[in-house]
1. What does the convex hull of the alpha-carbon atoms of the protein assembly as shown project to on average, in nm²?
2. Carbon-plus-sulfur fraction of the accessible area of segment B:1-103, 1.4 Å probe, in percent?
3. Can you give the relative contact order of chain B as a percent, counting alpha carbon pairs under 8 Å and 6+ residues apart?
4. Whenever you get a sec, compute what percent of the accessible area on segment B:129-248 sits on carbon and sulfur atoms (1.4 Å probe).
5. Give the Rg/Rh ratio for segment B:87-231, taking Rg as the radius of gyration of the Cα atoms and Rh as the Kirkwood radius, to two decimals.
6. Would you work out what percent of the accessible area of segment B:255-307, with all protein chains in place, is carbon or sulfur (probe 1.4 Å)?
7. Hey, can you find the accessible area per residue of chain B for me, probe 1.4 Å, expressed in square angstrom?
8. If I take every Cα pair under 8 Å that is 6 or more residues apart in segment B:1-107, average their sequence separation and divide by the length, what percent do I get for the relative contact order?
2 protein chains.
Amino acid sequence: MTLEAIQYLRGRLHILNQLLLPHETCYEEIDTVQQGWQAIRDMKVRGAPAIAIVGCLSLVTELQQSNEEDKDAVVTFILDSLKYLVSARPTAVNIAKAAAELSALVRRETQKAESTAATIKESVITHIVSMLEKDIADNKNIGDCGARHILSRINKEKATILTHCNTGSLATAGYGTALGVIRSLHAMGRLEHVFCTETRPYNQGARLTAFELVYEKIPATLIADSMASIAMKEKAVVVGADRVVLNGDTANKVGTYQLAVSAKYHNIPFYVAAPCTSCDLSLENGEQIVIEERPHQELTDINGIRIAAPGIHVWNPAFDVTPHELITGGIITELGVFSPSELQDAVIRG
Amino acid sequence: MTLEAIQYLRGRLHILNQLLLPHETCYEEIDTVQQGWQAIRDMKVRGAPAIAIVGCLSLVTELQQSNEEDKDAVVTFILDSLKYLVSARPTAVNIAKAAAELSALVRRETQKAESTAATIKESVITHIVSMLEKDIADNKNIGDCGARHILSRINKEKATILTHCNTGSLATAGYGTALGVIRSLHAMGRLEHVFCTETRPYNQGARLTAFELVYEKIPATLIADSMASIAMKEKAVVVGADRVVLNGDTANKVGTYQLAVSAKYHNIPFYVAAPCTSCDLSLENGEQIVIEERPHQELTDINGIRIAAPGIHVWNPAFDVTPHELITGGIITELGVFSPSELQDAVIRG
């Protein structure tokens, strides 16, 4: 069975606390928007699609418990909650897009003469639950499209993939984006091997991707981020995305840019795998993306123990931007694989 | 005062146990060859020049305690000890070169009719102690040559340098190679800022370089290895070397190759700073360099605590090879700064 990071059943939401992996597999119940915001901020849940889904589902749980019958009060609560949830982390676009869609939905529903507090709640809940299902279906399409595209570009029976950070069941509603491509190749019997980077400073590769790969019995080797270039020969690189903008520039986990530079030098294809919900056509280029800086302790301490020399200054951007010209393989979406220049039309059309 | 990692005074050798840095500054006495070998293997001391010096000084301490008066027994002990010391770690060339030089010296001395156990011991001890002094003098030359060369290539008053691993007082007899260049720039008032990578998996950058930079009040920022490419604009990269071969290919701490690839892409100069003792003209090219693989625990555990998911395979090469064509700044030695193609003549002439 695939690992489930987000369990939503009969109105109750449990999330796997990813801070405790790989040591403990511990699910925590989320039943308020405040708890959803905190879980995202603390990185108990991370990954652009998963952030959106957990944030929105936390709103569902609170709406379901609420006895509020005043329509205006419900609308205000929903709109304020969405605004608040978006503020938890700035770089991933999915939750911002979901919030915008839901806000528009609420405004449309409110206009209807027959609408009540109950009907508005119901329409929001239905929309959010469908997001969960859509994300899994989209990921499966991403996996299959990406796998077929990579296989069409190599002259070998089996592909070896290098990936970064965690983009699997733990980062999405299920299946995964870049890890979905790996999963699909494995299911087809066309996967030779995976190299996963440990992904400093937060070790999502060592803790989470390695956990998922071992769990699924996918042949894989862990390397330090700095070993990627020497491990890169004759491979394809597939990473996820936190935000893909109009020209194809992509924000993803810090270190992605370095992998893209190296893939270019080694003349191997570099792919970004992301659902259309990660595409933000409101921004022209990557320079406009806000990059979150995380606490210094993530880099200087591990499990609460200081590893860096005291007194040293630290820079800890959580993401970097890969310019579109380095995305040489393509952007793998649920609609197909597109070059950065084709993406805009495809997403608008899709 | 500069940090001293190797203290040799009146025949007694103490080394700073670098495994305990930055938490504890603890010196340990080394008084046998076996202890010298173990300190090198366990990485209590690391850095190509420092490995050579500590290994050889451990032989000095044992020779000084010995009452052996049989000439053949002394010669056999010296030659066997040197062979053993070289086996502690395979990639750095300095100790192998020192061992070869000392073995040749011993054979020459043995030929002399008047030589005794005492004269042979004395000549070996004198030679080794002079190595210690020469290494510091060479490093100062490396620092000054490198600083002048970098300043001649930039159009600014002050240089910003990105460096990897630890190449400072802790990696050499004192002053440092790449960190020597940084130290010289700082002394000249021509250093803007240093970015030091944490240098996974062993964190020599976070633990040791950051420690030295704070100690010396040099303005510096710690980054994860994967952040180097985004931190790279308008900088020069200066790293050390464990072995530079005939065509200029260079083995150094894993991650160096990735920095060189990125420097090339960003069109910024990439320098290797190393004494001539790190040059191995017996090897034609980098493919012939033996790369040490270190225990998996270095990557999967930190301070004895597992960070990676159980069951994942691991690849942990300690070094990688940077091809000479990526060393675009030059190779900084105590004799001057040379392009890889000029190196051979310079070293032989020098």
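The values are calculated or read from the model by the stated rules, or taken from the named source; none is laboratory data. Note that this is a predicted model, so its numbers are computed, not measured. As a convention, Cβ positions derive from the backbone with ideal geometry for all residues, glycine included, and neighbour counts pool all protein chains shown. Surface areas here come from the heavy atoms of the whole protein model, side chains and all, with no ligands, DNA or RNA. Shrake-Rupley method; radii C 1.70, N 1.55, O 1.52, S 1.80 Å.
1. Convex hull of Cα atoms, orientation-averaged projection: 32.8 nm².
2. 49 percent
3. 17 percent
4. After summing per-atom areas, the C and S share lands at 51 percent.
5. Ratio of gyration radius to Kirkwood radius: 1.12.
6. Summing carbon and sulfur atoms, their accessible area is 47 percent of the total for segment B:255-307.
7. 37 Å²
8. That works out to 25 percent.
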